[in-house]
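**Q** Structure in structure tokens, see below.
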Amino acid sequence: MGKLFGTDGVRGIYEQDLTLELAYGLGQAGASVLGRNAHRPKIVIGRDTRESGSPLEMALAKGILAVGGDVLLVGVLPTPAVAVITRALKADAGVVISASHNPYEFNGIKFFNGQGFKLADAVENEIEEIILQSQAVPLKDGGSIQTLENPEVFYLNHIKKAIETDFSGLRVVLDCANGAAYNIAPALFCDLGAEVIVIGDKPDGKNINAGCGSTHLTPLQQRVVKEKADIGIAFDGDADRCLAVDNHGNIIDGDKIMNLIGSRMKASGRLKKDTVVVTVMSNIGLDIALNQAGCQTIKTDVGDRYVLEAMIEGDYNLGGEQSGHLILLDHNTTGDGMLTALVLLELLKKDGRDAKTLGDLMTVYPQILVNARVENGRKQDYLHDDQIQKKIKEVETHFHGQGRVLIRPSGTEPLVRVMIEGKDQNELTRIAKELAQLIEARLSDSIEAVGRPVVA
């Protein structure tokens, strides 16, 4: 990746990594590149509830204005809402100011193209090059900055088309992470007939994701049990991901949600090619559960942009990550927490079984992670070492499809991560340590591998 754009836009600590000057430059460069075929590029800007959102919004808007662009401000809205509005208004681009699940000190700027998709690497690189090389862009007059009235209507009307029933009779706890969905999510689920209890709906600019939302599920678990609710739903700061809690307080993670939605889509003939796109970090229990439902999985690198790329390339319509980023491509072009929640609640109501029974349809297999210390320059050598590859194949044969081996070189440390999944925790620990020690012995000086269980 480049020096500015990561896997999900430009992100960093406000006023240190992400300055107003940089936001202004991103506005200028982004509007120039994305609106080059328009006489006056039209750009939609939305944000989450961080206190840095407003100043970054104005800096970005002024950058767009400087190149003759028209800015439509939609205020605090979920990331997927900006994608929908961008398409609906036939804008040249959409921009979201958010750092997703990160603490409030961080913020980010991510772009959508006119079709609501995240930008291709080549386009990001072009924008980045303009900024890093201080290239001149044509300055124009005639642009404008306007505030769009009731922008959420475009989004809510769109995602409601994904369901066919109301939620009357369901008691739901919503955790809005003091983020972008704090206002519109409770109103939507109430309007659809659910009895809604809300937490994480009082943003103050600094409490986004703070002990709440999809990265801190304990308050939701406790509240679901206390309220005797049918289910709990948690969003992250920009509401592009959704996790759930069953009626007993157990977590229903992204893998379990994908199993439920994928199996239901398969049964109704709506799952394209009977395939769900997941990342290499999804639990093997998802593969097994989907296989039992007549589905298969295709795996990508970690990151929802890679999931989306594989979905578009292979013409699939369901994919996602264990973290709760689910892409329902029939309905939106990006991860969408509120859309996922709508589909999950409809499934719960129509099925008749409680949330715990549905969540338990997928067994989460134990997972062990052991780090092998390897020099940075040799981290990829395991791919070509005959003894290491032989050992990996032996382990996979031993599991007979009931376990797996995943080797992942660290992107930032001199480590090769050995992840093993299977049924027996003790056996997994032994095998993972043996494999890590072999990798160290073959690729570097002997250093003791340290095992660290990830999921018991």
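The values are calculated or read from the model by the stated rules, or taken from the named source; none is laboratory data. Model, not experiment: these values are computed from the prediction. Cβ coordinates were reconstructed from backbone atoms using ideal geometry, including for glycine residues, and neighbour counts include every protein chain displayed. Heads up: the accessible areas ignore ligands, DNA and RNA and are worked out on the full protein's heavy atoms, side chains in. Shrake-Rupley method; radii C 1.70, N 1.55, O 1.52, S 1.80 Å.
**Q** Pairs to check: Lys90/Lys110; Lys110/Lys299; Lys110/Lys161; Lys266/Lys390; Lys299/Lys379; Lys110/Lys228. Give those whose C-alpha atoms are more than 30 Å from each other in this structure.
**A** Going by Cα-Cα distance, Lys266/Lys390; Lys110/Lys228 fall outside the 30 Å limit.
**Q** Using the charge dipole of the chain (Lys, Arg: +1 at Cβ; Asp, Glu: -1 at Cβ; taken about the Cα centre), state which of Leu65, Val276, Ile131 has its Cα farthest towards the positive end.
**A** Of the listed residues, the answer is Val276.
**Q** So if R0 is 51 Å, what FRET efficiency would Ala162 and Asp386 give, r being the distance between their Cβ atoms, rounded to the nearest 0.05?
**A** Taking R0 as 51 Å, the efficiency between Ala162 and Asp386 is 0.55.
**Q** Cross-link candidates for Lys226: which lysines have Cα within less than 22 Å, leaving aside residues fewer than 8 places away along the same chain?
**A** Counting by Cα, and skipping residues close in sequence, Lys226 has these lysines nearby: Lys202, Lys349, Lys356.
**Q** Which of rounded, prolate or oblate describes the range 118-232 when judged by the alpha-carbon gyration tensor and an a/c cut-off of 1.5?
**A** prolate
**Q** Sticking with this one: With a cut-off of 18 Å, note down the residues of the range 1-20 whose backbone N falls inside the zone around a label point 7 Å from the Cα of Gln133 toward its beta carbon.
**A** Taking a point 7 Å out along Cα→Cβ of Gln133, the residues of the range 1-20 whose backbone N falls under 18 Å are 1-5.
**Q** Label-point separation (nm) for Gln296 and Ile312, each offset 7 Å from Cα along Cα-to-Cβ?
**A** 2.4
**Q** Accessible surface of Cys190 in the full protein assembly, 1.4 angstrom probe, to the nearest 10 Å²?
**A** Looks like 70 Å² after rounding.
**Q** Something else about it: What do you reckon, how do Thr275, Thr7 stack up by accessible area (1.4 Å probe), largest on top?
**A** So the residues, ranked largest to smallest area, are Thr7, Thr275.
**Q** Given +1 on the Cβ of Lys and Arg, -1 on the Cβ of Asp and Glu, and no further charges, what dipole in debye does the range 318-360 carry about its Cα centre, rounded to the nearest 20?
**A** 160
**Q** Can you compute the modelled spin-label distance between Gln402 and Ala88, with each label point 7 Å from Cα toward Cβ, in nm?
**A** Label-label distance for Gln402 and Ala88, simple model: 5.1 nm.
**Q** Sticking with this one: Quick one: length gained pulling Asn150 to Lys226 fully straight, 0.36 nm per residue minus the C-alpha distance?
**A** This chain segment gains 23.9 nm when fully extended.
**Q** Highest mean first, how do 192-200, 212-220 rank when packing is the count of other Cβ atoms within 10 Å averaged over residues?
**A** The densest-packed peptide leads the list: 212-220, 192-200.
**Q** Quick check for me: using +1 on Lys/Arg Cβ and -1 on Asp/Glu Cβ, what's the dipole size of the chain about its Cα centre, in debye to the nearest 20?
**A** It comes to approximately 560 debye.
**Q** Could you tell me which of Ile388, Met265, Ala177 has its Cα farthest along the dipole of the chain towards the positive end, charges placed at Cβ (Lys, Arg +1; Asp, Glu -1), taken about the Cα centre?
**A** The one lying farthest along the dipole's positive direction is Met265.
**Q** Report the local net charge at Ser282: Lys and Arg +1, Asp and Glu -1, summed over other residues whose C-beta lies under 11 Å from its C-beta.
**A** -2
**Q** With each run of n ≥ 4 DSSP H residues scored as -39500 (n - 2.57), what mean residue ellipticity at 222 nm is computed for the chain after dividing by its residue count and rounding to the nearest 500 deg cm²/dmol?
**A** -11000 deg cm²/dmol
**Q** Here's another thing I want to ask about it. Between Gln425 and Lys393, what length comes free when the chain is fully extended (0.36 nm per residue of separation minus the Cα-Cα distance, one decimal in nm)?
**A** So the extension gain works out to 9.5 nm.
**Q** Given the peptides 31-37, 123-129, 399-405, arrange them by the average over their residues of other C-beta atoms within 10 Å, most packed first.
**A** In descending order of packing, they fall as 31-37, 123-129, 399-405.
**Q** Show me 148-158, 286-296, 374-384 ranked by packing, highest mean number of other Cβ atoms within 10 Å first.
**A** 286-296, 148-158, 374-384
**Q** Could I ask something else about it? Testing the spin-label approximation: label points 7 Å from Cα along Cα→Cβ at Asn376 and Ser410. State their distance in nm.
**A** Those two pseudo-labels are separated by 1.2 nm.
**Q** About its Cα centre, what dipole magnitude does the range 178-308 give when the only charges are +1 on Lys and Arg Cβ and -1 on Asp and Glu Cβ, stated in debye to the nearest 20?
**A** 280
**Q** Give me, ordered by chain and number, the residues 5 or more places off Leu119 or on other chains with an amide H under 5 Å from its own placed amide H.
**A** For Leu119, whose amide H was placed from the backbone, the distant partners under 5 Å are Phe111, Asn113.
**Q** Which of Thr363, Leu243, Pro103 sits farthest toward the positive end of the charge dipole of the chain, with +1 on the Cβ of Lys and Arg and -1 on the Cβ of Asp and Glu?
**A** The one lying farthest along the dipole's positive direction is Thr363.
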